[in-house]
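Below is one structure, written out as C-alpha coordinates; comments come after it.
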Amino acid sequence: MTPRVTFAVAARVLAQLRRDHRTVAMLIVLPALLVSLMWWMFNDSPMVFDRIGGPLLAVFPSIIMFVVTSVATLRERSTGTLSRLFTMPMGKLDFLLGYALAFALIAVVQAVVVVSIALYLLDLDIQGAAWQLGVVAVLDGVLGTALGLFASAFAATEFQAVQMMPAVMIPQILLCGLLVPREQLPTVLQAISDVLPLSYAVDAVLGVAKGNGFTTGTGGDTLVVAGFILAALGLGAATLKRRTA
(Lines give C-alpha, C1' and ligand atoms only; values in the text may rest on other atoms or scores of the structure.)
Protein backbone atom coordinates (compact mmCIF):
# COMPACT_ATOMS: atom_id res chain seq x y z
CA MET A 1 0.00 0.00 0.00
CA THR A 2 1.27 3.47 -0.97
CA PRO A 3 -0.39 6.44 0.78
CA ARG A 4 0.25 8.74 -2.18
CA VAL A 5 -1.58 6.36 -4.53
CA THR A 6 -4.41 5.84 -2.02
CA PHE A 7 -4.97 9.59 -1.74
CA ALA A 8 -4.83 9.92 -5.52
CA VAL A 9 -7.57 7.29 -5.89
CA ALA A 10 -9.67 9.07 -3.25
CA ALA A 11 -9.24 12.40 -5.05
CA ARG A 12 -10.28 10.77 -8.34
CA VAL A 13 -13.43 9.28 -6.77
CA LEU A 14 -14.37 12.61 -5.17
CA ALA A 15 -13.88 14.36 -8.51
CA GLN A 16 -16.24 11.87 -10.15
CA LEU A 17 -18.83 12.35 -7.42
CA ARG A 18 -18.61 16.12 -7.73
CA ARG A 19 -19.84 15.80 -11.32
CA ASP A 20 -22.61 13.35 -10.37
CA HIS A 21 -25.09 15.54 -8.53
CA ARG A 22 -27.81 12.90 -8.33
CA THR A 23 -25.54 10.40 -6.58
CA VAL A 24 -24.30 13.04 -4.14
CA ALA A 25 -27.90 14.02 -3.39
CA MET A 26 -28.81 10.39 -2.78
CA LEU A 27 -25.83 9.85 -0.48
CA ILE A 28 -26.33 12.98 1.61
CA VAL A 29 -30.01 13.86 1.40
CA LEU A 30 -31.79 10.50 1.10
CA PRO A 31 -30.93 9.18 4.61
CA ALA A 32 -32.31 12.37 6.15
CA LEU A 33 -35.45 12.13 4.02
CA LEU A 34 -36.02 8.52 5.04
CA VAL A 35 -35.54 9.29 8.74
CA SER A 36 -37.93 12.24 8.36
CA LEU A 37 -40.48 9.95 6.72
CA MET A 38 -40.27 7.56 9.66
CA TRP A 39 -40.72 10.49 12.07
CA TRP A 40 -43.82 11.55 10.15
CA MET A 41 -45.23 8.03 10.25
CA PHE A 42 -44.87 7.94 14.05
CA ASN A 43 -45.71 11.59 14.65
CA ASP A 44 -48.47 10.59 17.06
CA SER A 45 -46.20 8.09 18.84
CA PRO A 46 -42.97 9.97 19.64
CA MET A 47 -41.76 7.20 21.95
CA VAL A 48 -41.77 4.78 19.03
CA PHE A 49 -39.64 7.13 16.96
CA ASP A 50 -37.27 7.62 19.89
CA ARG A 51 -36.83 3.84 20.02
CA ILE A 52 -36.22 3.24 16.30
CA GLY A 53 -34.84 6.62 15.26
CA GLY A 54 -31.34 5.89 16.53
CA PRO A 55 -31.02 2.50 14.80
CA LEU A 56 -32.28 4.05 11.57
CA LEU A 57 -29.24 6.35 11.66
CA ALA A 58 -27.17 3.18 11.32
CA VAL A 59 -29.36 1.29 8.86
CA PHE A 60 -30.18 3.88 6.20
CA PRO A 61 -26.62 5.19 5.62
CA SER A 62 -25.25 1.65 5.50
CA ILE A 63 -27.78 0.54 2.88
CA ILE A 64 -27.29 3.56 0.64
CA MET A 65 -23.50 3.42 0.85
CA PHE A 66 -23.59 -0.30 0.09
CA VAL A 67 -25.61 0.15 -3.11
CA VAL A 68 -23.63 3.11 -4.44
CA THR A 69 -20.17 1.69 -3.79
CA SER A 70 -20.96 -1.80 -5.09
CA VAL A 71 -22.37 -0.40 -8.34
CA ALA A 72 -19.56 2.15 -8.72
CA THR A 73 -16.84 -0.49 -8.24
CA LEU A 74 -18.52 -2.87 -10.65
CA ARG A 75 -18.71 -0.08 -13.23
CA GLU A 76 -14.97 0.51 -12.89
CA ARG A 77 -14.40 -3.15 -13.72
CA SER A 78 -16.94 -3.51 -16.52
CA THR A 79 -15.71 -0.43 -18.39
CA GLY A 80 -12.07 -1.55 -18.18
CA THR A 81 -11.09 1.46 -16.06
CA LEU A 82 -9.88 -0.71 -13.20
CA SER A 83 -7.75 -2.81 -15.54
CA ARG A 84 -6.11 0.35 -16.91
CA LEU A 85 -5.52 1.68 -13.41
CA PHE A 86 -3.70 -1.49 -12.44
CA THR A 87 -1.19 -0.93 -15.26
CA MET A 88 0.13 1.83 -13.03
CA PRO A 89 1.97 1.18 -9.75
CA MET A 90 -1.22 0.67 -7.74
CA GLY A 91 -2.19 -2.27 -5.56
CA LYS A 92 -5.68 -3.59 -4.92
CA LEU A 93 -5.57 -2.31 -1.36
CA ASP A 94 -4.64 1.16 -2.63
CA PHE A 95 -7.75 1.15 -4.80
CA LEU A 96 -10.10 -0.07 -2.06
CA LEU A 97 -8.68 2.20 0.62
CA GLY A 98 -8.91 5.15 -1.77
CA TYR A 99 -12.58 4.38 -2.37
CA ALA A 100 -13.17 3.90 1.35
CA LEU A 101 -11.45 7.19 2.18
CA ALA A 102 -13.48 9.11 -0.41
CA PHE A 103 -16.77 7.69 0.80
CA ALA A 104 -15.70 8.18 4.43
CA LEU A 105 -15.52 11.90 3.69
CA ILE A 106 -18.98 11.70 2.16
CA ALA A 107 -20.10 9.78 5.25
CA VAL A 108 -18.94 12.66 7.48
CA VAL A 109 -21.15 15.11 5.59
CA GLN A 110 -23.96 12.57 5.50
CA ALA A 111 -23.74 12.03 9.27
CA VAL A 112 -23.68 15.75 10.06
CA VAL A 113 -26.82 16.29 7.97
CA VAL A 114 -28.86 13.30 9.16
CA VAL A 115 -27.86 13.55 12.84
CA SER A 116 -28.50 17.30 12.92
CA ILE A 117 -31.95 16.87 11.37
CA ALA A 118 -32.82 13.94 13.65
CA LEU A 119 -31.77 15.71 16.85
CA TYR A 120 -32.65 19.33 16.22
CA LEU A 121 -35.59 19.21 13.80
CA LEU A 122 -37.22 15.86 14.58
CA ASP A 123 -36.48 15.99 18.34
CA LEU A 124 -34.95 12.54 18.55
CA ASP A 125 -34.38 12.00 22.27
CA ILE A 126 -30.96 10.61 23.20
CA GLN A 127 -29.07 10.64 26.49
CA GLY A 128 -25.58 10.65 25.00
CA ALA A 129 -23.51 13.29 23.24
CA ALA A 130 -24.46 14.35 19.73
CA TRP A 131 -20.85 14.13 18.53
CA GLN A 132 -20.64 10.49 19.61
CA LEU A 133 -23.80 9.72 17.65
CA GLY A 134 -22.20 11.46 14.68
CA VAL A 135 -19.02 9.36 14.97
CA VAL A 136 -21.03 6.15 15.08
CA ALA A 137 -23.12 7.29 12.08
CA VAL A 138 -19.91 7.93 10.10
CA LEU A 139 -18.61 4.45 10.96
CA ASP A 140 -21.90 2.93 9.90
CA GLY A 141 -21.69 4.67 6.54
CA VAL A 142 -18.13 3.44 6.07
CA LEU A 143 -19.28 -0.05 7.05
CA GLY A 144 -21.79 0.02 4.20
CA THR A 145 -19.02 1.19 1.87
CA ALA A 146 -16.66 -1.62 2.90
CA LEU A 147 -19.36 -4.27 2.55
CA GLY A 148 -20.31 -2.87 -0.86
CA LEU A 149 -16.71 -2.98 -2.06
CA PHE A 150 -16.40 -6.57 -0.92
CA ALA A 151 -19.75 -7.69 -2.37
CA SER A 152 -19.01 -6.11 -5.76
CA ALA A 153 -16.33 -8.78 -6.37
CA PHE A 154 -19.09 -11.38 -6.71
CA ALA A 155 -21.19 -9.46 -9.25
CA ALA A 156 -20.71 -9.50 -13.01
CA THR A 157 -23.15 -6.72 -13.91
CA GLU A 158 -24.49 -3.59 -12.25
CA PHE A 159 -27.88 -5.33 -11.93
CA GLN A 160 -26.23 -8.17 -10.02
CA ALA A 161 -24.50 -5.62 -7.80
CA VAL A 162 -27.89 -4.15 -6.89
CA GLN A 163 -29.20 -7.66 -6.24
CA MET A 164 -26.47 -8.09 -3.63
CA MET A 165 -28.20 -5.52 -1.42
CA PRO A 166 -31.20 -7.66 -0.40
CA ALA A 167 -28.99 -10.73 -0.10
CA VAL A 168 -26.42 -9.05 2.15
CA MET A 169 -28.29 -6.26 3.92
CA ILE A 170 -31.92 -7.34 4.45
CA PRO A 171 -31.07 -10.31 6.74
CA GLN A 172 -28.95 -7.93 8.79
CA ILE A 173 -31.79 -5.40 8.97
CA LEU A 174 -34.17 -8.08 10.21
CA LEU A 175 -31.77 -9.38 12.87
CA CYS A 176 -29.92 -6.23 13.97
CA GLY A 177 -32.39 -5.27 16.70
CA LEU A 178 -34.35 -2.68 14.74
CA LEU A 179 -37.60 -4.67 14.71
CA VAL A 180 -37.11 -6.93 17.74
CA PRO A 181 -34.47 -6.53 20.47
CA ARG A 182 -31.71 -9.03 19.75
CA GLU A 183 -31.94 -10.60 23.20
CA GLN A 184 -35.57 -11.51 22.43
CA LEU A 185 -34.74 -13.36 19.22
CA PRO A 186 -34.88 -17.18 19.10
CA THR A 187 -31.57 -18.72 20.12
CA VAL A 188 -30.46 -19.63 16.60
CA LEU A 189 -31.34 -16.22 15.17
CA GLN A 190 -29.62 -14.49 18.07
CA ALA A 191 -26.47 -16.50 17.38
CA ILE A 192 -26.60 -15.45 13.72
CA SER A 193 -27.14 -11.81 14.67
CA ASP A 194 -24.04 -11.98 16.87
CA VAL A 195 -21.82 -12.39 13.79
CA LEU A 196 -23.49 -9.73 11.62
CA PRO A 197 -21.80 -6.31 11.44
CA LEU A 198 -25.00 -4.26 11.35
CA SER A 199 -25.98 -5.72 14.74
CA TYR A 200 -23.01 -4.00 16.35
CA ALA A 201 -23.63 -0.81 14.37
CA VAL A 202 -27.15 -0.65 15.81
CA ASP A 203 -25.90 -1.60 19.29
CA ALA A 204 -23.42 1.28 19.15
CA VAL A 205 -26.17 3.76 18.24
CA LEU A 206 -28.45 2.39 20.97
CA GLY A 207 -25.60 2.66 23.45
CA VAL A 208 -25.10 6.34 22.66
CA ALA A 209 -28.87 6.90 22.84
CA LYS A 210 -28.88 5.41 26.35
CA GLY A 211 -26.00 7.63 27.45
CA ASN A 212 -23.24 5.03 27.33
CA GLY A 213 -20.05 6.70 26.16
CA PHE A 214 -17.13 5.25 24.23
CA THR A 215 -15.45 4.26 27.48
CA THR A 216 -18.26 1.79 28.23
CA GLY A 217 -20.02 -0.85 26.15
CA THR A 218 -20.52 1.52 23.21
CA GLY A 219 -16.77 1.69 22.72
CA GLY A 220 -16.59 -2.08 22.35
CA ASP A 221 -19.38 -2.12 19.77
CA THR A 222 -17.66 0.68 17.88
CA LEU A 223 -14.39 -1.24 17.79
CA VAL A 224 -16.20 -4.31 16.49
CA VAL A 225 -17.70 -2.23 13.66
CA ALA A 226 -14.23 -0.89 12.86
CA GLY A 227 -12.94 -4.47 12.83
CA PHE A 228 -15.65 -5.51 10.36
CA ILE A 229 -14.70 -2.56 8.15
CA LEU A 230 -11.04 -3.60 8.07
CA ALA A 231 -11.96 -7.26 7.49
CA ALA A 232 -14.28 -6.36 4.59
CA LEU A 233 -11.61 -4.19 2.98
CA GLY A 234 -9.01 -6.94 3.38
CA LEU A 235 -11.32 -9.56 1.89
CA GLY A 236 -12.25 -7.13 -0.85
CA ALA A 237 -8.59 -6.68 -1.77
CA ALA A 238 -8.12 -10.46 -1.86
CA THR A 239 -11.13 -11.06 -4.13
CA LEU A 240 -11.09 -7.92 -6.31
CA LYS A 241 -11.00 -8.70 -10.03
CA ARG A 242 -9.38 -6.39 -12.51
CA ARG A 243 -12.01 -6.93 -15.10
CA THR A 244 -15.46 -8.48 -15.38
CA ALA A 245 -15.34 -11.71 -17.37
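The values are calculated or read from the model by the stated rules, or taken from the named source; none is laboratory data. Quick caveat, the model's predicted, so the values are computed rather than measured. Counting neighbours? That spans all protein chains shown, and the Cβs are built from the backbone with ideal geometry, glycine included. Accessible surface areas use protein heavy atoms only, side chains included; no ligands, DNA or RNA. Shrake-Rupley method; radii C 1.70, N 1.55, O 1.52, S 1.80 Å.
To the nearest 0.05, what FRET efficiency results for GLU158 and VAL113 with a Förster distance of 35 Å applied to their C-beta separation?
On the way: r = 27 Å, r/R0 = 0.76.
Efficiency for this residue pair is about 0.85.
Which whole-Hz ³J(HN,Hα) couplings does segment 146-153 yield from phi under the Karplus relation 6.51 cos²θ - 1.76 cosθ + 1.60, θ = phi - 60°, glycine and proline marked x?
Couplings: 5, 5, x, 5, 5, 5, 4, 5 Hz.
To the nearest 500 deg cm²/dmol, what mean residue ellipticity at 222 nm is calculated for the chain from DSSP H runs of n ≥ 4 alone, each contributing -39,500 (n - 2.57), summed and divided by the residues?
The helix contribution divided over the chain gives -24500 deg cm²/dmol.
Roll a 1.4 Å probe over the protein chains and send me the accessible area per residue for segment 3-239 in Å².
Accessible surface, normalised per residue, equals 45 Å².
Whenever you get a sec, line up LEU27, LEU230, LEU34 from highest to lowest accessible area (probe 1.4 Å, protein heavy atoms).
Heavy-atom accessible area, descending, gives LEU230, LEU34, LEU27.
Report, to the nearest whole %, how much of the accessible area of segment 3-239 belongs to carbon and sulfur atoms, 1.4 Å probe, protein only. Could you put the intermediate results ahead of the total?
On the way: 7480 of 10690 Å².
Carbon plus sulfur share of accessible area: 70 percent.
Over all pairs of distinct alpha carbons, what does the Kirkwood formula give as the hydrodynamic radius of segment 1-106, in Å?
Here the Kirkwood hydrodynamic radius works out to 15.6 Å.
Starting from a Cα-only point model with no solvent, please compute log10 I(q)/I(0) by Debye for the chain at q = 0.07, 0.08, 0.13, 0.17 1/Å.
The computed values of log10 I(q)/I(0) come out as -0.23, -0.30, -0.77, -1.25.
Quick one: angle between helix 3-19 and the longest Cα principal axis of the chain, in degrees between 0 and 90, rounded to 10, please.
Tilt relative to the chain: about 70 degrees.
For the chain, with a Gaussian network of springs between Cα atoms less than 10 Å apart, report the residue from VAL180, VAL108, VAL162 with the top mean-square fluctuation.
VAL180
Largest first and in whole Å, give the semi-axes of segment 72-192's equivalent ellipsoid, each being the square root of 5 times a Cα gyration tensor eigenvalue.
32, 22, 12
Taking springs between alpha-carbon atoms closer than 10 angstrom, which of VAL188, VAL142, VAL67 fluctuates most in the Gaussian network model of the chain?
Of VAL188, VAL142, VAL67, the Gaussian network model singles out VAL188 as fluctuating most.
Can you tell me the orientation of helix 217-239 relative to the chain, as the angle in degrees between its alpha-carbon axis and the longest Cα principal axis, to the nearest 10?
20
Taking a quarter of the surface of the Cα convex hull of segment 162-213, what do you get in nm²?
It is 4.0 nm².
Taking Rh as the Kirkwood radius computed over C-alpha pairs, what is the Stokes-Einstein D of segment 135-181 at 37 °C in a medium of viscosity 0.692 mPa s, expressed in µm² per second?
The estimated diffusion coefficient comes to 280 µm²/s.
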